[in-house]
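S.K.: The structure that follows is given in the form of structure tokens.
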Amino acid sequence: MGPGDASRGNANGVPLKDETAEGGLAELRHKLRTQRRLRLVTLFSLAALVLLALPAFVGLRAASSDPVLASLAALKVPSWAAKGVENQETGSTLCIMECSFRERKAESDRPFKETAGVYTEALTKAGWKQRKVEGCPETPVAPEEGTYSCWSRDELTLDLAVGLPGCAVDQISAEQNPTAGAAEELPDPGACQGSTVRIKVWNKIEDRRGEKETTPGLVGVTPDTVLSTDDPLLSPTPQAS
């Protein structure tokens with residue numbers, strides 16, 4: 001065994017250091033540290049994505065869902081009274097140029113009197129209060145054709161109209177104008193059942209019904225000023241004799 005061999009082993013010839021093994025361990029430690037860094041970077045990236053994206057998602061969802069329409073959808077009415085629901089919304093919730101106007105239409109399987117009763121109960125339980133106001137309804141509703149009522153809650157006003165179904169309206173129109181209805185096949189009156197529900201919601205500041213004019217108008221014409229005849233300057237000049 002030469003001097004170089006002795007430097008790499010002990011008296012029994014066992015190597016003191018295995019350079020190949022140490023190189024492999026160093027490379028393994030480097031790989032482990034690199035993988036650990038990648039995991040940490042990935043974890044922090046996902047956390048940042050969740051923290052940034054979640055509030056944006058919640059805000060977008062809140063902005064896209066109107067709370068008034070949501071409250072109408074939450075009315076506790078039977079399923080048979082809320083079929084084929086259609087919602088419409090116009091204007092701005094911040095009343096920019098025009099305040100929001102919401103309209104909800106639904107179909108009911110049962111007659112309008114029973115349907116109006118369940119909606120009246122649901123609105124009352126939801127905090128709406130019925131009100132009698134001039135201009136509600138704008139045109140009278142015949143008792144045999146439907147019901148119309150007005151409500152208010154907080155800064156909102158609501159109109160509830162429950163009437164005959166569309167097929168019944170067509171049938172009445174045909175009876176009143178037989179010539180126009182002859183060209184179309186009308187539904188069987190016995191098969192025409194149910195009713196139609198229409199709900200309209202305004203902001204109170206745009207619902208002017210029932211308000212009285214409080215600004216005083218013209219109360220008369222101001223009379224001309226009457227000049228006193230006691231003023232010597234207004235007396236006629238005496239004529240020379």
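The values are calculated or read from the model by the stated rules, or taken from the named source; none is laboratory data. The shown structure was predicted, so the numbers you read here are calculated from the model rather than taken from an experiment. Backbone-built Cβ (ideal geometry, glycine too); neighbour counts: all protein chains shown.
S.K.: Among the residues of the range 116-133, which ones are touching a residue at least 40 places away in the same chain (Cβ under 8 Å) and either in a loop (DSSP other than H, G, I, E, B) or more than 21 Å from residue 153 (Cα to Cα) (or both)?
M.R.: Of everything in the range 116-133, those that are touching a residue at least 40 places away in the same chain (Cβ under 8 Å) and either in a loop (DSSP other than H, G, I, E, B) or more than 21 Å from residue 153 (Cα to Cα) (or both) turn out to be 126, 133.
S.K.: From the residues in the range 61-80 that are modelled with pLDDT under 90 and of a type outside the set (S, T, N, Q), which one is nearest to residue 142 (Cα to Cα)? First the steps, then the outcome.
M.R.: Initially, the range 61-80 is screened for residues modelled with pLDDT under 90, giving 61-66.
If we keep only those that are of a type outside the set (S, T, N, Q) as well, we get 61-63, 66.
On the way: 61: 42, 62: 41, 63: 40, 66: 33 Å.
Residue satisfying both the conditions and the ranking: 66.
This table checks each residue for (1) hydrophobic (A, V, I, L, M, F, W, C); (2) surrounded by 10 or more Cβ atoms within 10 Å (Cβ to Cβ); (3) at pLDDT 80 or above; (4) outside the structural domain of residue 122 (by TED's automatic domain parsing).
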residue	(1), (2), (3), (4)
34	no, yes, yes, yes
38	yes, yes, yes, yes
43	yes, yes, yes, yes
59	no, yes, no, yes
82	yes, yes, yes, no
85	yes, yes, yes, no
102	no, yes, yes, no
107	no, yes, yes, no
